[in-house]
Amino acid sequence: MIPSDELDSLLERDSAFLAEAMALLTESIVRRLLGEYVSEFVGHEETLAGVLRAVNLGAATEGAKRSLLLADGFRTGGPFPPSPSSSSSTGAITEGLPPVPPTLAIRSLLEREPRLLGVAEKMADIYGKENVFSVAKATSSAIVEEAQKTIASMLERGVTVLEASKVLSAMGKWTRAYSETVYRTNAASAYTNGMFAMTGDPAVAGVIGALRYVATRDSNVRSNHLAYDGLIASPEDPIWHVASPPQGFNCRCSVELVPWADIPKDLVDRRTGKVNRVSMPSGAYPDPGFKVHAFNPGLAVALAH
């Protein structure tokens, strides 16, 4: 495994890359709205798409690795990998998130654990250039909308000379929060998708029969997220199309693997030996306006304002 201090460093590095790419794109958009010709605009969108692809590929690979190592632990009686939330202590954007190595670290990880190659290839297809560029376009649209609101507000307050620097300063708090939301949502979605994808590998499927939804049980948890807590279902159960975390922007929920020996007997079909399909828990649903991206070739698009 990559040492925890290295993981912290890599995680912070990727979030910093995304924040920088978002800042460059925001500046280009503001300058265009103020009537300037900005030749770098397309390049900044492409840069953001590239960073998003790195974030998603890194998170998905780490999710797959966690499934594999947990299956190894259950098969042999340990050791088990640490909880993802325990390996990050780098600040607001990364706190509580799974480890996300940048692209350069993914190759090293695959060299050390070749059993991840199959899933990594699938993730590379899912998070391909076309998909991540659509996310970058959606992100760009959200920035345009916020920039237009900011400019309109400044004009209403009597500001007669609009300069890009002043608009960017007024948007600063929103831009930082939006960057964090984009990062968190993409990383969390991809990490979960990587975990699910690895459960189809024979090395994992022979040991793991289900996944359990885990909500963060504190005063900040959303009631509709808490309603999922403890849900146990087979990786193939269609319920995960709706129930897979994240269930909203900045969601802190996760899934954990459940070995066959720990699955409640009443959930297993005696005739087939498979886990029965389960019903949606009462009061459980994604946040309004949030699209769950489990098993979806698209990416999580953070459009929170």
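The values are calculated or read from the model by the stated rules, or taken from the named source; none is laboratory data. None of these values were measured; they are calculated from a predicted model. Here Cβ is always computed from backbone atoms with ideal geometry, including for glycine, and neighbour counts include all displayed protein chains.
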| Any residue in the stretch 217-228 that is surrounded by fewer than 21 Cβ atoms within 10 Å (Cβ to Cβ), closer than 25 Å to residue 64 by Cα and either in contact (Cβ under 8 Å) with a residue 24 or more places away in the chain or of a type in the set (Asp, Glu) (or both)? | no
Only one of (1) touching a residue at least 24 places away in the same chain (Cβ under 8 Å); (2) closer than 30 Å to residue 149 by Cα does not apply to residue 209, and that is (2)
If we ask which residues in the stretch 214-243 are closer than 16 Å to residue 277 by Cβ and among the polar types (S, T, N, Q), their number turns out to be 1
Requested in this report: Determine if the stretch 11-30 includes at least one residue that is in contact with a helix residue (DSSP H, G or I) (Cβ under 6 Å, 6 or more places away or on another chain), small (Gly, Ala, Ser) and modelled with pLDDT of 90 or more.
Outcome: yes
Notebook entry, point to check: Hey, any hits in the stretch 69-84 for a residue that's farther than 23 Å from residue 174 by Cβ, modelled with pLDDT under 75 and in contact with a strand residue (DSSP E or B) (Cβ under 8 Å, 6 or more places away or on another chain)?
Noted result: yes
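Of all helices (runs of 4 or more DSSP H) completely enclosed by the stretch 90-162, which ones contain at least 3 residues that are exposed (fewer than 13 other Cβ atoms within 10 Å of the Cβ), modelled with pLDDT under 80 and among the aromatic types (Phe, Trp, Tyr)? Explain how you work it out, then say what you get.
On the way: elements: 103-112, 117-126, 129-156.
Passing ranges: none, list empty.
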Only unsatisfied item for residue 289, checking (1) in a helix (DSSP H, G or I); (2) on the phi > 0 side of the Ramachandran plot, is (1)
When every residue in the stretch 174-206 that is aromatic (Phe, Trp, Tyr) and more than 15 Å from residue 127 (Cβ to Cβ) is compared, the one farthest from the chain's Cα centre (by Cα) is 174
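So in the stretch 245-286, with the set limited to residues that are among the small types (Gly, Ala, Ser) and in a loop (DSSP other than H, G, I, E, B), which one is farthest from residue 232 (Cα to Cα)?
Our first condition is that a residue be among the small types (Gly, Ala, Ser); within the stretch 245-286, this holds for 248, 254, 261, 273, 279, 282-284.
Now narrow it down to the ones that are in a loop (DSSP other than H, G, I, E, B): 248, 273, 279, 282-284.
Numbers: 248: 20, 273: 16, 279: 10, 282: 14, 283: 16, 284: 14 Å.
The qualifying residue farthest from residue 232 (Cα to Cα) is 248.
Tell me the residue from 197, 187, 147 that is in contact with a helix residue (DSSP H, G or I) (Cβ under 8 Å, 6 or more places away or on another chain) and more than 28 Å from residue 42 (Cβ to Cβ), please.
On the way: 187 fails: more than 28 Å from residue 42 (Cβ to Cβ); 147 fails: more than 28 Å from residue 42 (Cβ to Cβ).
Result: 197 is the single residue among 197, 187, 147 that is in contact with a helix residue (DSSP H, G or I) (Cβ under 8 Å, 6 or more places away or on another chain) and more than 28 Å from residue 42 (Cβ to Cβ).
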Flagged pairs (Cβ under 6 angstrom, 6 or more apart or on separate chains; first in the stretch 175-193, crowded, with 24+ Cβ neighbours inside 10 Å and in a helix (DSSP H, G or I); second hydroxyl-bearing (Ser, Thr, Tyr) and modelled with pLDDT of 90 or more) are 192/244
